[in-house]
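The values are calculated or read from the model by the stated rules, or taken from the named source; none is laboratory data. The structure displayed is predicted, hence computed values, not measured ones. As a convention, Cβ positions derive from the backbone with ideal geometry for all residues, glycine included, and neighbour counts pool all protein chains shown.
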Ligand SMILES: [Zn+2]
């Protein structure tokens, strides 16, 4: 297939834009990539932001595991079946977002930032050429979450990916030492975010994941007097004047702690 023309949209970066069929090109949107550890991380951590972006960018959800150990195994349902169940739940989330989803090889609870997985993610980044990468804030009680953050950063280095990198928080009882750089006002899409979380039904008994996530989002929103917000942190200093994905979203800078 021919490569669509490239048009500079901001200093130092470019993106492929949609070209009408008149010219025989497939329409190509700007791409963002998420690197999370388990099905449900994407919805709980940044489902509102993904919903706000879904018609503006192409979303690729990388999931390092199938969450095989997210339920207690039984004689009838082992880790393989649990993984299939949770894979289906993430695929439904992706369908609602119009996103592509890719699963990597590690097993739930055994994610390590070794060379092979970093190279696998790097090859996806090379192919997708994202303008933004999202992953998990690395100070987290779950070792898979910590590894996801490490893999994302190492893969960006290996692939020479110059996308902006943002890290999401996973929950009040999981993320630690998280002092956000930016918050997205998701007040207008709270119900849509809850819909994404409820796709992960096996992790949402008694609507607990929705309730826990809503509490966190309300706390973040309260800092700016909005109903709900998702918070992100940049591991690197933002470059002054650089155009950010967040420039197109309803954002606020949280008060410094
Ligand atoms: Zn997780």
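General remarks:
- Every pair of residues 6+ apart whose Cβ atoms lie under 6 Å, when the first sits in the stretch 115-138 and is more than 21 Å from residue 43 (Cβ to Cβ) and in contact (Cβ under 8 Å) with a residue 24 or more places away in the chain while the second is within 16 Å of the ligand (Cβ to nearest atom) and in a helix (DSSP H, G or I): 117/151; 118/151
- Any hit, the stretch 214-224, residues being in contact with a helix residue (DSSP H, G or I) (Cβ under 6 Å, 6 or more places away or on another chain), surrounded by fewer than 21 Cβ atoms within 10 Å (Cβ to Cβ) and modelled with pLDDT of 95 or more: no
- Restricting 248, 198, 242 to those that are at pLDDT 95 or above and surrounded by fewer than 20 Cβ atoms within 10 Å (Cβ to Cβ) reduces the list to 198.
- When restricted to residues that are more than 16 Å from the ligand (Cβ to nearest atom), at pLDDT 95 or above and surrounded by fewer than 19 Cβ atoms within 10 Å (Cβ to Cβ), the stretch 99-119 contains 6.
- Every test in (1) modelled with pLDDT under 95; (2) within 14 Å of residue 236 (Cα to Cα); (3) within 14 Å of the ligand (Cβ to nearest atom) is passed by residue 181 save one, and that test is (3).
- Within the stretch 120-146, if we keep just the residues that are under 22 Å from residue 176 (Cα atoms) and buried (at least 23 other Cβ atoms within 10 Å of the Cβ), the residue that is farthest from the ligand (Cβ to nearest atom) turns out to be 133.
- Answer residue from the stretch 29-71, given it is in a strand (DSSP E or B) and more than 14 Å from the ligand (Cβ to nearest atom) and is surrounded by the most Cβ atoms within 10 Å (Cβ to Cβ) among those: 33
- Residues in the stretch 156-174 that are more than 15 Å from the chain's Cα centre (by Cα) and within 16 Å of the ligand (Cβ to nearest atom) were compared, and the one that is surrounded by the fewest Cβ atoms within 10 Å (Cβ to Cβ) is 173.
- Residue match in the stretch 214-236 (condition: more than 17 Å from residue 32 (Cβ to Cβ), touching a strand residue (DSSP E or B) at 6+ places or on another chain (Cβ under 9 Å), within 16 Å of the ligand (Cβ to nearest atom) and part of a helix (DSSP H, G or I)): yes
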